[in-house]
Amino acid sequence: MAEVVLRGDDLEASREAEAELTASLEGEPIAEPMAAGQGDKPFSSLVPAIIGAANLMQTLSATVIANALPSMAVTLKVDPVQLNTTITVYLLALAVFLPVSGWAADRFGAKRVFLIAIALYAASCAACGFATNLPELLLARAAEGAAGALMGPVGRLVLLRSTPKHDLVRAMSVLTMPALLGPVIGPPIGGFIVTYMSWRWIFFLNIPIAALGLFLVNRYINDIKEEDAGPLDWIGMVLTGIGMAAVVFAFENLGKSRLPPLMVPGLMAGGLAMLGVYAWYAKRTPHAILDLKLFRIPTFFASVVGGTFMRMGVGATPFLMAILLQVVFGMSALQAGLMTFASAAAALVMKTAAPPILSRFGFRNTLSVNAVIVGVSFMAYAILTKSTPHWIIYMILLTGGFFRSLQFTALNGLAFAEIDGPQMSRASTMSTMGQRLAQSIGIGFAATLLRVFQTHAHAARLTVDAITPTFLIIGAVALVSGAFFIVLPANAGAELNGRNRRSRV
């Protein structure tokens, strides 16, 4: 079966960061969240733009590498299929080190860990660019994944501790841009670099971004840490790290033939078993590395668990659209990337539209209704054929991009609506892990459906007849998320809109 590998990472920033930073830099550090009078200060996009610019490195690196694999294989003198392991190694390192990010931020300070993560990420990117053989590249990619595991959730934690709750929706609308834009603009950027430059520039591209990020984080963001982080839960780290890695690796290989037939279900069963053991262990451990009690909070549960069904579709869509446009419609990678950029343009429009929409209709109503719209937007891709006028494709992509972006912003804000200061680090880690897992599930689920429909049709290659029902099923799965939002209280997330929850009916 033809495979097109695209990845987007967890996680969330603005493509307008440079313009916003230029307009916002006034030379004063950002006040701590509990500072007197902070609630009276006008909203500034400086903090989310700085963090988003740093996270942009991660999403770009994750999405542009797919286009470079053939060129990298020639330089490194290996089979292109072997280079798929560079993506796998990155994802496994990410899964292993994600659980420790919250504890590290509490123990050493979120700002310090964020700075270290940016520096390590830049260094590992440089090492990838200078790699002369496959082992060197794999080692550098593992280091890149470990640094990325810290950068995403700790960066979000910096934002949470630097932003009052009534400004959190606007801040999240800036922060979530990498998750929305990275998978869209990554392929055309990667195609351009591979076509007109060396593949090594895919990794070198992040170095100046990292240098700017280090300066801005150090200059404009204060350090905030918990007084008592507690000891590191080594047992929990091993159980969750290996369990998450096994599950992610299993989902990444669903619908593919790279592993022995029984290995994928074995990995999935083993990973889920380790996570189950951790759930039992965490109830008996006061300093468990992941706080499962967070799922007792209705808004957090709805955001992470309910949002999984929508995020599955978001993870699967770039993969499916790449196959549809490139394999079935015969477009080049650059042509397909430029076409899907329409959804990125819609995401930028959403940046200013989300706060008033959420303020007017509330989180429960917005998420419930928008879940239906998002699900239908996934299904709409099923009507596309090779003869569909391009303007119709653009309109569908624009509409889907706008409403998915609105759902992202609402979900990421709602997750922290009822989270108190001491819980923020663990909540940030749990939320990021949920997003990563949902993305892997979505891609694996879509690949499996494609394989089933292709086999059922007895087709030698992928056709639109295999992709159409896959989009319909992905859309139906996204509709399920609405059931988690409709049961929320009418005033859920009211404080994020500057209102007191108790004062609302």
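What the table below lists for this structure:
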read-out	value
Burial order of peptide ranges 147-157, 441-451 (average beta-carbon count within 10 Å, highest first)	147-157, 441-451
Ordering of 390-398, 487-495, 286-294 by burial proxy (mean other Cβ atoms within 10 Å per residue, highest first)	487-495, 286-294, 390-398
Accessible area of the stretch 323-392 divided out per residue, in Å², using a probe of 1.4 angstrom	43 Å²
Environment charge of Val374, counting only residues whose C-beta is closer than 15 Å and scoring Lys/Arg +1, Asp/Glu -1	+2
Mean Cβ neighbour count within 10 Å, used as a protection proxy, ranking 372-380, 240-248, 131-139 highest first	240-248, 372-380, 131-139
Protein accessible area in the stretch 272-408, 1.4 Å probe - carbon and sulfur %	72 percent
When the convex hull of its Cα atoms is projected in every direction, mean area for the stretch 54-122 (nm²)	5.2 nm²
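The values are calculated or read from the model by the stated rules, or taken from the named source; none is laboratory data. Since the model is a prediction, treat every value here as computed from it, not as a measurement. Quick reminder, even Gly has a Cβ in these numbers, built from the backbone with ideal geometry, and neighbours come from all protein chains shown. With ligands, DNA and RNA removed, areas are computed over all heavy atoms of the protein, side chains included. Shrake-Rupley method; radii C 1.70, N 1.55, O 1.52, S 1.80 Å.
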